[in-house]
1. Could you tell me whether A:CYS27 is in a helix (DSSP H, G or I), open to solvent by 40 Å² or more (accessible area, probe 1.4 Å) and either in contact with a Lys or Arg (Cβ under 6 Å, 6 or more places away or on another chain) or at pLDDT 95 or above (or both)?
2. Using the structure shown, decide if A:ALA72 is of a type in the set (A, V, I, L, M, F, W, C) and either within 20 Å of the chain's Cα centre (by Cα) or open to solvent by 50 Å² or more (accessible area, probe 1.4 Å) (or both).
3. Among all residue pairs at least 6 apart or on different chains, which show Cβ distances below 6 Å where the first residue, located in segment B:181-207, is under 20 Å from A:THR46 (Cα atoms) and at the interface with chain A (Cβ under 8 Å from one of its Cβ atoms) and the second is among the basic types (Lys, Arg) and open to solvent by less than 20 Å² (accessible area, probe 1.4 Å)?
4. Just give me the residues in segment A:49-62 being away from chain B (no Cβ under 11 Å) and over 18 Å from A:GLY130 (Cα atoms), in sequence order.
5. So which residues in segment A:150-161 are without any contact (Cβ under 8 Å) to a residue 40 or more places away in the chain and either closer than 12 Å to A:LEU203 by Cβ or β-branched (Val, Ile, Thr) (or both)?
6. For segment B:157-179, indicate whether the set of residues that are facing another protein chain (nearest Cβ under 7 Å), assigned to a loop (DSSP other than H, G, I, E, B) and open to solvent by less than 10 Å² (accessible area, probe 1.4 Å) is non-empty.
7. Pairs, please: C-beta under 8 Å, at least 6 apart or cross-chain, first residue at pLDDT below 90 and in segment A:1-14, second not in a loop (DSSP other than H, G, I, E, B)?
8. Determine, yes or no, whether B:MET146 is within 11 Å of chain A (Cβ to nearest Cβ) and in contact with a helix residue (DSSP H, G or I) (Cβ under 9 Å, 6 or more places away or on another chain).
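The values are calculated or read from the model by the stated rules, or taken from the named source; none is laboratory data. The structure displayed is predicted, hence computed values, not measured ones. Ideal geometry is used to build each Cβ from the backbone, glycine not excepted, and the neighbour counts take in all protein chains shown. Calculation scope for accessible area: heavy atoms of the full protein, side chains included, ligands and nucleic acids excluded. Shrake-Rupley method; radii C 1.70, N 1.55, O 1.52, S 1.80 Å.
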Amino acid sequence: MAVLIMMRRLFIIWNKLGSIHLTVILCLLLAVDLTCGYVCLNRRTTLFAPLNDIGLAAWIDTYGRYNLAYTAWFFILLGLLTLLCVNTFVCTTDHVAALMRTRALFSFHRLFFKFAPHVMHYALIVILSGYLSSYLFAQVLDTRTLVPGASMTLPDTKARINFEDFDPVYYRSDRLPAFRDRVLRPRARLLLTDGDRRRAAVLTANRPVNFKGYGIFLKDFAPKEKEGGMDRRIRIDMSIRKDPGVRFYMAGMLLFTAGLVMYLVEWFFFRKVKKEAL
Amino acid sequence: MELINAQFVFKIAAGLYGLSLVAAFLPGRPRGVVWIFLLPALLANFAAVALRYWQAWPMLPMYLGPVALPFFLGLLLLFSSRKDGNDVIVRRMIFALTVIIALAAACFPKDFYLPFLKSCTPLAHLFFVFGVAGKGCFLVGAVWAMAGLHPNHRTLGIESQTALNRSLRWTVWGFSFWTLSMFAGELWSYLGWGTPVVWDDPAITTAMATWFFYICLLHLHLTGSWSARGRGAYAAAGALVILGLNCLPDLGPFRWPF
């Protein structure tokens, strides 16, 4: 009897958590909270920038706790997003189960496109989980500086990164004289060694190098100009991160985009809404 | 080429948009007169956007949204010619919105340039283009919702339900573009900084707020708890969200345009 009562209560909680009305309320609260976040974040971005380097737990313990007037919206955001994830999961799982039960009523392609919103919903959960694991578990190494010929070893591995050469592309045009001969594309040639295996790679801005599960990003470099300037010694500063969340949120974005395309196809080709122009 | 100032060209475009709006209100629906002003306005607007890009190269002009948005709205007006003309009120409202945004961009210009090192990826540009398309579609959706809520919508030749359906359709397009813009921004953030969110720009929060605002609207159509008019009012309020949260931060201090 007690088990039955428990089951019944769980069923009620499950239904309440999966309510679409809850989705609406959560989305509205999220929109309001994020708008407050804009006000708090504006001109105080330095409070939040360390989140990317020290991770969520350390940030909460330092910047977060001691600046509550400006960070409270972020804590509320975390709570609302957690609730939204639970709500999305329950609601979508219920709908997918119902769709599977009634699958005989639809043709294959009609059924396929009916899954579109559910693909997007699951994708959202994957993206948010990816972000969370990124901020909780990413291992961020202190900025590593290398000069040509120098090398470094990745932690807990025998893998080495050797900075071979700096081969930048300069701005050649005369249109903006102040930019003449400034570096447009800093290209650092690396040799990545793991035991007997060797691989050459080019590290540049917006093009990180992946090696042994680590992402290697170009953070800064010198010199910035072909001639002149104070800092003439060649060097690269690298930001190196082992981020388990990246694959999740990348996969989530891909999945969400696929769901969005399916949704648009379903919307414009299958729904009985009269096609009209603007 | 250096002598041609992008801001000056844009002011010409804003003036031409204003003349198109006046022409749109002339009696007898003189479509030809409207096009006489709209086409050169679009050309001037396109030239202003292209010049800003070209003159800033190798940097990326960050606050180009209010300059590019009137162009997108103008393009929608250009490619949406209808023969029955029962959407004339909607077209006038979009014209008015285009002129308001263009005037705001002309009087409150904001210049900030991101170094090429950070913007040398197609994702930076996709982020911008999809963002502008998203804002444009959301605004058109809001205008259709306003038309559906208009007390004299029948005398204006607009069926309320049809208008709300069109509003929803534009909202769906807006949501799609907005999502793609956010994803492009997140990928750019990862490639450039190695993190999913760059906290240096507070606009990330308003972009997300807008996203959730429209997710709410799309879900409202499923609940049945709000009446069609209620949903229409919510969709119409989307114009305030877009203008207040996404266009206003892109404007700078007032500068006398002449």
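1. Numbers: in a helix (DSSP H, G or I): yes; open to solvent by 40 Å² or more (accessible area, probe 1.4 Å): no; either in contact with a Lys or Arg (Cβ under 6 Å, 6 or more places away or on another chain) or at pLDDT 95 or above (or both): yes.
No: the conditions fail for A:CYS27.
2. Working: of a type in the set (A, V, I, L, M, F, W, C): yes; either within 20 Å of the chain's Cα centre (by Cα) or open to solvent by 50 Å² or more (accessible area, probe 1.4 Å) (or both): no.
In short, no.
3. B:GLY194/A:ARG241
4. Correct list: A:ALA58, A:ILE60, A:ASP61, A:THR62.
5. A:THR153, the sole residue that qualifies.
6. No, segment B:157-179 has no match at all.
7. Filtered contacts from segment A:1-14: A:TRP14/A:VAL90.
8. On the way: within 11 Å of chain A (Cβ to nearest Cβ): no; in contact with a helix residue (DSSP H, G or I) (Cβ under 9 Å, 6 or more places away or on another chain): yes.
It is false that B:MET146 is within 11 Å of chain A (Cβ to nearest Cβ) and in contact with a helix residue (DSSP H, G or I) (Cβ under 9 Å, 6 or more places away or on another chain).
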